[in-house]
Structures are given as structure tokens and as C-alpha cells.
Amino acid sequence: MNLTTLISSLIVSGSFGYFNYLILKGFDIINISENTKDEKIPILMLFGAMNYGIFLWIGSSFLQGISKGDFGQIAIGILYVFVLDLVATPIIIIPMVLGLRHIMNWIRGIMGKSKTTSPNTRDDFFESNKTQNIYIFDFNNSLVACGYMSQVDSVSSNIFDMQLIPFYDEEEKNVTYDKISKLATKEDCRLLIDFERKLKIYNIVD
């Protein structure tokens with residue numbers, strides 16, 4: 001293997017390994033937070049090794065010119081790896097990961113342990129394709145803000161910003177903690193308690 005092929009292999013294994021990670025992250029199969037960021041390195045190394053193996057297999061089976069430093073065939077080989085990653089990650093890798101997780105949860109159930117889930121608490125709390133009515137109170141039960149959910153930072157972000165659309169038919173002065181806590185018992189509601197920022201967030205889904 002000459003220098004050109006070696007550099008190409010490193011590019012494929014490095015950049016496309018991160019591409020696999022981004023796809024899985026987009027499907028909420030993998031969630032790396034600040035507390036679990038050390039897990040990101042072995043995951044990227046695993047995908048990098050997989051892409052490197054695919055690139056070598058293509059070079060030995062179809063495009064023998066790769067090992068000789070043929071720029072045209074190297075470019076085609078890189079394109080093949082990209083297409084395979086784009087297709088195989090959602091079709092093959094995701095079902096494999098979900099299947100493995102199902103087996104692990106089944107074993108954990110036999111051992112009397114709770115199931116493991118991929119989404120983090122905050123991401124799971126705001127995950128819905130329905131209208132989310134958000135009411136935010138501090139620990140003194142004073143209203144901080146309320147409105148329709150528009151956007152919220154992912155848990156992987158160090159910042160916890162939230163974008164709300166003001167209610168069309170309800171004024172903040174009429175919103176009280178007692179009123180919302182009673183309403184929550186009759187509606188499809190979840191409560192998120194943020195101990196770091198001392199907030200209680202009610203999410204009532206229509």
C-alpha cells in the first residue's frame with residue numbers, strides 16, 4: 001500500500017466513521033451527552049474500523065488500482081463507501097443496534113433490572129409530534145414562562161435554551177401553579193424537574 005492509498009484509507013475511516021455516528025444520532029439511536037462524551041471515541045473508532053475494512057475489501061475485490069495509488073479508482077472507492085454507509089446505516093446497523101438493545105433489556109428483565117433506553121431525559125420529555133403546551137415554574141411555584149413548544153436545545157448541548165410561541169387564548173397573568181397542577185391531573189401531561197436551574201416544567205400535550 002503506497003502513501004496515497006494509506007492517506008485515503010485514513011480519510012475514509014475517520015470522516016465516514018463520524019458520518020455513521022451522525023446518522024445514528026439523528027435517529028436517536030446514539031445520544032452522547034457531556035457526562036458520557038468519553039463513549040464517543042470508541043464508537044467513532046468502531047465505525048472507522050468498519051469503513052476502513054470496507055474500503056480495503058473494495059480495493060481487493062473490485063478496484064485493484066486503489067492499492068497502486070490510482071486516483072480515479074480511489075475516488076470511486078471512497079464514493080462506494082459513502083453510498084454503502086448512507087444505505088447500510090439506517091437499513092442494517094440501526095436494526096442491529098435495536099435488536100441488541102432488545103436482547104440486553106430481555107436479559108436485564110430476567111436479572112430483575114430496569115430497561116435501558118437511548119434518549120436522554122430532556123430529549124425524551126420534549127419528544128412529540130403533537131402540540132406541546134409548556135408551563136415553566138420556579139421552585140417557589142412562580143411562573144417563569146409559558147407557551148407552545150417551538151424548539152429546545154438538545155441535551156448534548158451545554159446550553160438549555162427554549163423557544164416558545166405565546167398562547168393565543170391565555171394570558172400569563174391568568175396562569176397559576178395551582179391551576180396548572182390541577183389541569184395536569186386531567187390531561188396528557190409530563191413533569192420535568194430541573195434541579196440545576198431550579199425549574200419545574202409541565203408539558204401538556206394536546
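Numerical summary
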| read-out | value |
| --- | --- |
| Test: residue in the stretch 158-175 that is within 19 Å of Ser128 (Cα to Cα), acidic (Asp, Glu) and under 24 Å from the mean Cα position of the chain (by Cα) | yes |
| Within the stretch 81-91, considering residues that are more than 14 Å from Tyr21 (Cα to Cα) and exposed (fewer than 15 other Cβ atoms within 10 Å of the Cβ), the one nearest to the chain's Cα centre (by Cα) | Ile91 |
| Test: residue in the stretch 102-113 that is within 21 Å of the chain's Cα centre (by Cα), within 18 Å of Tyr21 (Cα to Cα), surrounded by fewer than 16 Cβ atoms within 10 Å (Cβ to Cβ) and at pLDDT below 85 | no |
| Every pair of residues 6+ apart whose Cβ atoms lie under 6 Å, when the first sits in the stretch 21-33 and is outside any loop (DSSP other than H, G, I, E, B) while the second is at pLDDT below 80 | Leu24/Ile30 |
| Within the stretch 155-189, considering residues that are surrounded by fewer than 15 Cβ atoms within 10 Å (Cβ to Cβ) and of a type in the set (S, T, N, Q), the one modelled with the highest pLDDT | Thr176 |
| Where a residue in the stretch 39-63 is of a type in the set (A, V, I, L, M) and its partner, wherever it lies, is assigned to a helix (DSSP H, G or I) and open to solvent by 80 Å² or more (accessible area, probe 1.4 Å), with Cβ under 7 Å and at least six apart | Leu44/Tyr18; Ile58/Tyr80 |
| Residue list for the stretch 165-206, restricted to those being hydroxyl-bearing (Ser, Thr, Tyr) and under 13 Å from Asn141 (Cβ atoms) | Thr176, Tyr177, Ser181, Tyr202 |
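Yes/no per residue for (1) outside the structural domain of Tyr21 (by the TED database); (2) among the aliphatic types (A, V, I, L, M); (3) in contact with a helix residue (DSSP H, G or I) (Cβ under 7 Å, 6 or more places away or on another chain); (4) open to solvent by 40 Å² or more (accessible area, probe 1.4 Å):
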position: Pro42; (1), (2), (3), (4): no, no, no, yes
position: Met50; (1), (2), (3), (4): no, yes, no, yes
position: Gly53; (1), (2), (3), (4): no, no, no, no
position: Trp57; (1), (2), (3), (4): no, no, no, yes
position: Ser61; (1), (2), (3), (4): no, no, no, yes
position: Gln64; (1), (2), (3), (4): no, no, no, yes
position: Ala75; (1), (2), (3), (4): no, yes, no, yes
position: Leu79; (1), (2), (3), (4): no, yes, no, yes
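The values are calculated or read from the model by the stated rules, or taken from the named source; none is laboratory data. Since we're looking at a predicted model, the values are computed, not measured. Ideal geometry is used to build each Cβ from the backbone, glycine not excepted, and the neighbour counts take in all protein chains shown. What goes into the accessible areas is simple: the full protein's heavy atoms, side chains included, and nothing from ligands, DNA or RNA. Shrake-Rupley method; radii C 1.70, N 1.55, O 1.52, S 1.80 Å.
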